Amino acid sequence: MTAPDGFWSTDDAAPGMGLSYWIEAICEAFLEMKADGDRERFDASLTKFQFGPVDLNFVDTDPQEVWRTRAAIARSRENFFYLLYMHNGHMGVTQRGREAVIAPGNCLLVDSREPYRFSLPDRNNCLSVQIPQHWIRSWLPHPEDATLITLADHSRWGATLGSALGNLRADTMGDTTLPFGVVADQIGAMLALAAGGKTPTMTPHGAALRARLLRSIADQSADPALDPSAVAAEHGISKRYLHLVMAQGGTSFGAALIEARLTRAKAMLEDPRFARTAIADIAWRSGFANPSHFARRFRLRFGAAPGDFRKALRS
């Protein structure tokens, strides 16, 4: 198991001091906040992991109320956005006069620059992703517009984001096979897509990965059976992440594959060595299983049927 970067538990508190201990713990791990709960027998724990540019905070607590005041905000040197995900239990969140309830499997974004209140009526287990301002704005130019939206209800990407966050647990952090920073970038991309904003700005890592994916697609485009699972496996990523990276670049796996096949076919039609090769054979050698589909795609892309395109070159 990967060792956490911080761990707090009321088991370490003196009898009857669990709530006081907990308030100090959340102020140390997060930001200055206030909390209330059972003052006699309050039980809670918090496990923190540095996860590339963000922090993962796994929180397991008895029922409580947590809130942040304007005075506390004024005293803060730095403020963050928090992406909250519920493993178990429910959380009511109030901010800017708006209210939302997070159920298990759902998530939402909170801005610590504004007062908020969390109401947790039951024993709960949640993940709080602490996100620096500069990092989230590389994905969402205006993250404050995405606050207090239950993202899994907002879009299909929100459900995807919730599923990804649900796979992050304190006791399985050592099972993460990719570098933490790479997985954090996946979360950033999914958050941008889930919030329904513009296509997120790619990180340098994402741009380099996309370039490698495009090269692989081009190199193997003649294979009619090429699919995203094969390319994703070649690069050690999931098919879902492949689609996310392609979407960040404003394209899709299918569109990139068609473009690579058309480019290959065009090069063959321009090459005198293939002057006597049948159009249907060029289609097959380029990865098109159906000559009619190839002809239609070629005409749309280059403005002429494949045979006419080759004749024009010879005239």
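The values are calculated or read from the model by the stated rules, or taken from the named source; none is laboratory data. It should be emphasised that the depicted structure is a prediction, and the values quoted were computed from it without experimental measurement. Note that each Cβ is placed from the backbone with ideal geometry, even for glycine, and that neighbours are counted across all protein chains shown. Heads up: the accessible areas ignore ligands, DNA and RNA and are worked out on the full protein's heavy atoms, side chains in. Shrake-Rupley method; radii C 1.70, N 1.55, O 1.52, S 1.80 Å.
Side notes on the structure shown:
- Counting only strands (runs of 3 or more DSSP E) that sit completely within segment 95-181, those holding 3 or more residues that are in contact (Cβ under 8 Å) with a residue 24 or more places away in the chain and open to solvent by less than 30 Å² (accessible area, probe 1.4 Å) correspond to 107-111, 116-120, 124-132.
- Selection within segment 90-116 - in contact with a Lys or Arg (Cβ under 9 Å, 6 or more places away or on another chain) and of a type in the set (S, T, N, Q): THR94, GLN95, SER112
- GLN186 being touching a residue at least 12 places away in the same chain (Cβ under 8 Å), surrounded by 13 or more Cβ atoms within 10 Å (Cβ to Cβ) and not hydroxyl-bearing (Ser, Thr, Tyr): yes
- Residue match in segment 157-165 (condition: closer than 18 Å to PHE80 by Cβ and out of contact with any helix residue (DSSP H, G or I) (no Cβ under 6 Å at 6 or more places or on another chain)): yes
- Residue match in segment 86-94 (condition: open to solvent by 20 Å² or more (accessible area, probe 1.4 Å), of a type in the set (S, T, N, Q) and within 26 Å of the chain's Cα centre (by Cα)): yes
- Residue match in segment 208-226 (condition: surrounded by 14 or more Cβ atoms within 10 Å (Cβ to Cβ), among the hydroxyl-bearing types (Ser, Thr, Tyr) and either modelled with pLDDT of 90 or more or within 12 Å of the chain's Cα centre (by Cα) (or both)): yes
- Cβ-Cβ under 8 Å pairs, at least 6 apart or on other chains, segment 221-237 side under 20 Å from THR263 (Cβ atoms), far side of a type in the set (Gly, Ala, Ser) and surrounded by fewer than 14 Cβ atoms within 10 Å (Cβ to Cβ): PRO224/ALA289
- Just one residue in the set PHE298, PHE288, PHE302, PHE274 is under 19 Å from ASP227 (Cβ atoms) and aromatic (Phe, Trp, Tyr); that residue is PHE288.
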